[in-house]
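One structure is given below, encoded as structure tokens.
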Amino acid sequence: MRIEFREIAVRELANGYEDNDEEGVFGYGGALDIRPPYQREFIYSGSQRDAVIDTASKGFPLNVMYWSVRDDGGFEVIDGQQRTISLCQFIEGDFSVQLGSFDEKRAFHNLQKDEQSRLLDYKLMVYLCSGSDSEKLEWFKTINIAGEELTNQELRNAVFHGPWVSDAKRYFSKSNCPAYGIGSRYLSGSVIRQDYLETAIKWHSEQGSIDGYMSERQNWEGAEEIWEFFRGVIEWVEGLFPNYRKEMKGVQWGELYNQFKNESFDPKRLEQEVRTLMEDEEVTNKKGIFPYLLTGKENHLNIRSFNPKQKREAYERQNGVCPVCDERFEISQMEADHITPWHEGGKTIPNNCQMLCRDDNRRKSGR
Ligand SMILES: [Zn+2]
């Protein structure tokens, strides 16, 4: 992969600037795609826009921008879209700004000649990145660390853009998209920031890599496959647990679906168990009730644990001896155990507490 640093004057950037609803936004003599399809429709406020013009006209530095180099030699703005649009629109005369010692707002054509030249000659710092898709992805993740605004999934959409991503976004990425319509009670995160798409891919790829999944489908025509899968997950959940509870939001439903879609459960019985567990004070992770009922794994429930005082009392009562192996340990080498386990009705109360050595506790709890 190559990363090249280039200084680009505002006059070069704004050369051939075109903003067309249908076809997109272009600059740099037509070679730069300023709003490639994966970019968020994120718009600067008036004051942010004015600040860009003010900064450049004073010759102060703007943050570096990132362009990706396409295979056909063209460029796409990865970071710096709003700054680029602000500069180009101002030069086009689309808005006025209050600059210098002038009280009134001025459009570009109202500026003095030397002010105009200073702005047109202003040098932007641009990093050009070319390389394979996965190299670009790594690189985008790195620039993201510098406080920039893309999420991991937005970056992946950038790197693997193509007909599949465009179609998938129709289902998963707009505030009124179908995935939000049927799934918002079950998924956490933001549709716009691509959390739904990320979750759906994670579920559908069955623990595979999201990058690999997207790379494989990059040039596929449509994304019905993942949409059908997603719909299947939601219908399955609604069938199993028809009585909605807010704790159902954010459960990894797709993973449970992959594992249990072919097993049969009795929704009436599940509902009774959910109710009992919701009321059980020993269960501290209520969200975990749903995976617990399907997998039978108690660790989802975060059963209440003994506090330091209860542990110390049990330790002193036992004189530091582990009742399983009969050996003496420091308290720091022991762990608290429910004598009668939770699933047999044992509670987290002092007389149900014993201290076991670490090995024996792990053996007992099957870890
Ligand atoms: Zn022991």
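What do you get for the angle between helix 163-172 and the principal long axis of the chain? Use alpha-carbon atoms, 0 to 90 degrees, nearest ten. Once rounded, the angle reads 60 degrees.
Applying both filters, DSSP loop and at most 14 other Cβ atoms within 10 Å, to the GluC sites (Glu not before Pro) of the range 227-270 gives 263. Cysteines in the chain lacking any other cysteine Cβ under 4.7 Å from their own Cβ: 88, 129, 177, 325, 353.
Helix 267-279 sits at what angle to the longest principal axis of the chain, using alpha carbons and giving 0 to 90 degrees rounded to 10? Roughly 90 degrees, rounded to the nearest 10.
Mind listing which trypsin sites (Lys or Arg not before Pro) in the range 52-155 are in a DSSP loop and have 13 or fewer other Cβ atoms within 10 Å?
Counting only loop positions with at most 13 other Cβ atoms within 10 Å, the trypsin sites (Lys or Arg not before Pro) in the range 52-155 are 58, 70, 105.
Positive contributions from Lys and Arg (+1) and negative ones from Asp and Glu (-1), summed over other residues with Cβ under 14 Å from the Cβ of residue 130, come out at -3. Karplus-derived 3J(HN,Hα) values for the range 22-33, using 6.51 cos²θ - 1.76 cosθ + 1.60 with θ = phi - 60°, are 6, 9, x, 10, 10, x, 6, x, x, 8, 10, 8 Hz; glycine and proline are entered as x. Label-to-label distance for residue 117 and residue 31 is 2.5 nm, based on points extended 7 Å past Cα in the beta-carbon direction.
For the chain, the spherically averaged projection of the C-alpha convex hull amounts to 26.4 nm².
Using C-alpha pairs under 8 Å with a sequence gap of at least 6, the mean separation divided by the residue count of the chain gives a relative contact order of 11 percent. In plain terms, if you count all Cα to Cα distances in the range 262-318 and split them into 5 Å steps from zero, the share in each step is 4, 17, 21, 17, 12, 10, 9, 5, 3, 2, 0 percent.
Of all DSSP beta bridges confined to the range 2-159, the antiparallel ones make up roughly 75%. Applying both filters, DSSP loop and at most 15 other Cβ atoms within 10 Å, to the GluC sites (Glu not before Pro) of the range 189-227 gives 206, 221. Springs join every pair of Cα atoms under 10 Å in this Gaussian network model of the chain, and among 156, 170, 312 the largest mean-square fluctuation is at 312.
FYI, it's all coordinate maths here, none of it is from the lab. Given the structure is predicted, the values throughout are model-derived calculations rather than measurements. Cβ atoms come from the backbone with ideal geometry, glycine included; neighbour counts cover every protein chain shown.
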